[in-house]
Amino acid sequence: QVQLVESGGELVQAGGSLRLSCAASGRTFSDYVMGWFRQAPGKEREFVALITSSGYNTDYADSVKGRFTISRDNAKNTVYLQMNSLKPEDTANYYCASSKYYTRSQSRFVSWGQGTQVTVSS
């Protein structure tokens, strides 16, 4: 398992952009599928995006497809989430996580960060 630390969350106006980062420790970072999840107040944590270990393949929730882009830099042990055209409904605590499997299932993601808060104002 790897240790994950998210950063970059802040208050932003609707229509704006933000880039989240997730720094990972450990030499096996490149072996993991990385995912982003989010949890809004009063809601369950939901899938946002994932990226394969190579970075060649990605998957997105319908709610963010076309607006968000997940990427990774294995040399820096970092995964990113570029968020554009932000909406108030994107407001949530965002978490990154790692998995040995290509899946959206949260149960398959073993290591989790502590989260970073994104707030989108109207």
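Table for the structure above
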{"item": "Region 31-56 residues that are free of Cβ contacts under 8 Å to residues at least 12 places away in the same chain, paired with ones that are among the hydroxyl-bearing types (Ser, Thr, Tyr) and open to solvent by less than 20 Å² (accessible area, probe 1.4 Å) (beta carbon under 9 Å, 6 or more apart)", "result": "none"}
{"item": "Of all residues making up region 91-119, the number that are in contact with a strand residue (DSSP E or B) (Cβ under 6 Å, 6 or more places away or on another chain), more than 11 Å from Cys22 (Cβ to Cβ) and of a type in the set (A, V, I, L, M)", "result": "2"}
{"item": "Extreme residue, modelled with the highest pLDDT, among residues of region 71-90 that are closer than 18 Å to Cys22 by Cα and assigned to a loop (DSSP other than H, G, I, E, B)", "result": "Asn84"}
{"item": "Verdict on Lys100 being within 23 Å of Val5 (Cβ to Cβ), open to solvent by 60 Å² or more (accessible area, probe 1.4 Å) and free of Cβ contacts under 8 Å to residues at least 60 places away in the same chain", "result": "no"}
{"item": "Residue match in region 67-75 (condition: charged (D, E, K, R), farther than 21 Å from Arg27 by Cβ and in contact with a strand residue (DSSP E or B) (Cβ under 9 Å, 6 or more places away or on another chain))", "result": "yes"}
{"item": "Hits in region 33-58 - residues which are of a type outside the set (Lys, Arg), part of a loop (DSSP other than H, G, I, E, B) and open to solvent by 70 Å² or more (accessible area, probe 1.4 Å)", "result": "Pro41, Gly42, Glu44, Tyr56, Asn57"}
{"item": "Number of the condition not met by Thr69 [criteria: (1) open to solvent by 60 Å² or more (accessible area, probe 1.4 Å); (2) among the β-branched types (Val, Ile, Thr); (3) under 19 Å from Gln3 (Cα atoms)]", "result": "(3)"}
{"item": "Residue in region 88-95 that is closer than 17 Å to Val2 by Cβ and not polar (S, T, N, Q) present", "result": "yes"}
{"item": "Unmet criterion (only one of (1) on the phi > 0 side of the Ramachandran plot; (2) surrounded by 14 or more Cβ atoms within 10 Å (Cβ to Cβ)) for Ser85", "result": "(2)"}
{"item": "Among the candidates Tyr60, Tyr95, residue that is aromatic (Phe, Trp, Tyr), under 22 Å from Gly15 (Cα atoms) and in contact (Cβ under 8 Å) with a residue 60 or more places away in the chain", "result": "Tyr95"}
{"item": "Of all residues making up region 10-32, the number that are assigned to a strand (DSSP E or B), among the hydrophobic types (A, V, I, L, M, F, W, C) and surrounded by 14 or more Cβ atoms within 10 Å (Cβ to Cβ)", "result": "6"}
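The values are calculated or read from the model by the stated rules, or taken from the named source; none is laboratory data. Bear in mind the structure is a predicted one, so any value in this text is a computation, not a measurement. Using ideal geometry, Cβ is built from the backbone for each residue, glycine included, and neighbour counts are taken over all protein chains shown. With ligands, DNA and RNA removed, areas are computed over all heavy atoms of the protein, side chains included. Shrake-Rupley method; radii C 1.70, N 1.55, O 1.52, S 1.80 Å.
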